[in-house]
Amino acid sequence: MNDDPILSVQHLKKTFGNFTAVKDVSFTVNKGDIFGFLGPNGAGKSTTMRCMLSLIKPDAGQIQIFGKDLFKERVSIMSGIGSIVEKPDFYKYLSALQNLKIFARISGADVSEKQLYEQLEFVGLAGREKDKVAGFSHGMKQRLGIAQTLLHQPELIVLDEPTTGLDPQGIIEVRELILRLKNEQQKTVILSSHQLAEIELVANRMVIINRGEGVVEGDVAQLMNQQETALHLELSENASGAAALITANFPEVKLKISSPKTLEVNIEKYYIPSLNAKLVAEGFEIMALEPKRKLEDFFIQMTQSNA
């Protein structure tokens with residue numbers, strides 16, 4: 001993956017009266033990334049995105065896009081960005097094609113009708129070009145919104161929670177479209193979400209923010225495949241006996257007895273099969289064995305703490 005930064009956010013802060021929405025957020029997006037911007041609801045994701053898109057002005061911090069200072073070269077920078085914040089909005093009783101023509105004129109994009117048809121085909125709306133948007137599903141409107149972001153051929157696409165409210169099929173369609181933006185059109189995509197699993201499926205890099213602060217940033221594959229795993233182990237009985245057996249045979253493993261029948265075990269994942277086999281061989285009846293990656297467990301705790 002290219003290590004050429006296309007976006008750099010450093011020590012961003014934004015308050016609204018006495019409420020601090022963003023306390024200290026920093027991250028870097030490289031050219032060609034699908035970059036996951038992840039955090040529980042209320043973490044400060046949308047506020048950060050609005051600052052990035054110059055919809056609101058931060059109280060402190062720096063934002064550079066395409067190597068330029070956003071606050072000094074806003075007009076030239078924004079011409080290279082396409083975005084959907086919250087949900088796309090259209091003229092409901094006009095067709096998909098008519099809507100795109102209007103938005104093309106508003107944005108000053110020099111785009112032919114043939115190109116508009118091609119954009120609609122790209123987002124999976126071929127054959128529905130002349131249908132009124134009022135009859136579109138939520139997923140179709142999201143895909144039309146992505147077509148709208150492409151009108152002026154931006155280099156960077158920013159999508160704020162694009163799968164919210166979609167049914168499973170709609171989520172799959174938007175997910176596949178995001179991957180095609182990168183692979184077929186060589187776009188850099190920033191994708192915000194409060195769903196770790198969604199980010200894992202499409203992004204190559206990500207940052208997690210919580211309570212307005214950056215918590216962890218890095219390569220998705222590395223962050224999600226750390227060797228140490230949090231293992232929830234449920235037995236029919238005698239968790240203390242199982243704990244003694246595990247400690248005797250796997251002295252490097254850390255564990256906690258959480259109930260007479262359950263253990264919480266921190267273990268490197270390649271030890272799990274032999275640990276399971278040892279317990280079964282010694283007569284312990286395992287009712288459930290549930291591994292959770294440490295980042296996944298950490299994110300769940302974050303989400304619960306924000307509830």
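Taking the residues in the range 1-10 that are of a type outside the set (Ser, Thr, Tyr) and at pLDDT 95 or above as candidates, determine which candidate is farthest from Glu198 (Cα to Cα). Please lay out each step first, then the result.
From the range 1-10, those of a type outside the set (Ser, Thr, Tyr) are 1-7, 9-10; that's our starting set.
Right, trim to at pLDDT 95 or above and you get 6-7, 9-10.
Values: Ile6: 23, Leu7: 22, Val9: 23, Gln10: 26 Å.
By that ranking, first place goes to Gln10.
For the range 56-66, the candidate set comprises residues that are touching a Ser or Thr at 6+ places or on another chain (Cβ under 9 Å) and not in a strand (DSSP E or B); within that set, the residue that is nearest to Val189 (Cα to Cα) is Phe66. Criterion applied to Glu176, Glu200 was being assigned to a helix (DSSP H, G or I) and at pLDDT below 90, and the one residue passing it is Glu200. None of Lys68, Lys13 is farther than 24 Å from Gly218 by Cβ and either modelled with pLDDT of 95 or more or not assigned by TED's automatic domain parsing to the domain that holds Asn183 (or both) except Lys68. Scanning the range 62-78 for residues that are loosely packed, with under 14 Cβ neighbours inside 10 Å and in contact (Cβ under 8 Å) with a residue 40 or more places away in the chain yields a count of 1. Looking across the range 225-262 at every residue that is at pLDDT 90 or above and acidic (Asp, Glu), the one that is farthest from the chain's Cα centre (by Cα) is identified as Glu237.
The residues on offer are Ala243, Ala277, and the sole one that is out of contact with any Phe, Trp or Tyr (no Cβ under 8 Å at 6 or more places or on another chain), crowded, with 16+ Cβ neighbours inside 10 Å and either touching a residue at least 40 places away in the same chain (Cβ under 8 Å) or outside any strand (DSSP E or B) (or both) is Ala243. Filtering the range 22-43 to residues that are surrounded by fewer than 23 Cβ atoms within 10 Å (Cβ to Cβ) and under 17 Å from Val85 (Cβ atoms) leaves Asn41, Gly42.
Go through the residues of the range 1-16 one by one and say whether even a single one is crowded, with 20+ Cβ neighbours inside 10 Å, free of Cβ contacts under 8 Å to residues at least 60 places away in the same chain and closer than 29 Å to Lys141 by Cα. Checking the range 1-16: not a single residue is crowded, with 20+ Cβ neighbours inside 10 Å, free of Cβ contacts under 8 Å to residues at least 60 places away in the same chain and closer than 29 Å to Lys141 by Cα. What's the total number of residues in the range 83-121 that are closer than 29 Å to His194 by Cβ and assigned to a loop (DSSP other than H, G, I, E, B)? Qualifying residue count, the range 83-121: 7.
The listed residues are Val215, Val265, and the only one of them that is under 26 Å from the mean Cα position of the chain (by Cα) and not in a helix (DSSP H, G or I) turns out to be Val215. Going by the conditions given, is Val111 out of contact with any strand residue (DSSP E or B) (no Cβ under 6 Å at 6 or more places or on another chain) and modelled with pLDDT of 95 or more? No.
Picking from Val123, Val189, Val133, which residue would you name as being in contact with a strand residue (DSSP E or B) (Cβ under 6 Å, 6 or more places away or on another chain) and surrounded by 19 or more Cβ atoms within 10 Å (Cβ to Cβ)? I'd like the intermediate steps shown before the answer.
Working: Val123 fails: in contact with a strand residue (DSSP E or B) (Cβ under 6 Å, 6 or more places away or on another chain); Val133 fails: in contact with a strand residue (DSSP E or B) (Cβ under 6 Å, 6 or more places away or on another chain).
Going through Val123, Val189, Val133 in turn, just one is in contact with a strand residue (DSSP E or B) (Cβ under 6 Å, 6 or more places away or on another chain) and surrounded by 19 or more Cβ atoms within 10 Å (Cβ to Cβ): Val189.
The values are calculated or read from the model by the stated rules, or taken from the named source; none is laboratory data. Keep in mind it's a predicted model, so treat the numbers as computed, not measured. Cβ: placed from backbone, ideal geometry, glycine included. Neighbour counts: every protein chain shown.
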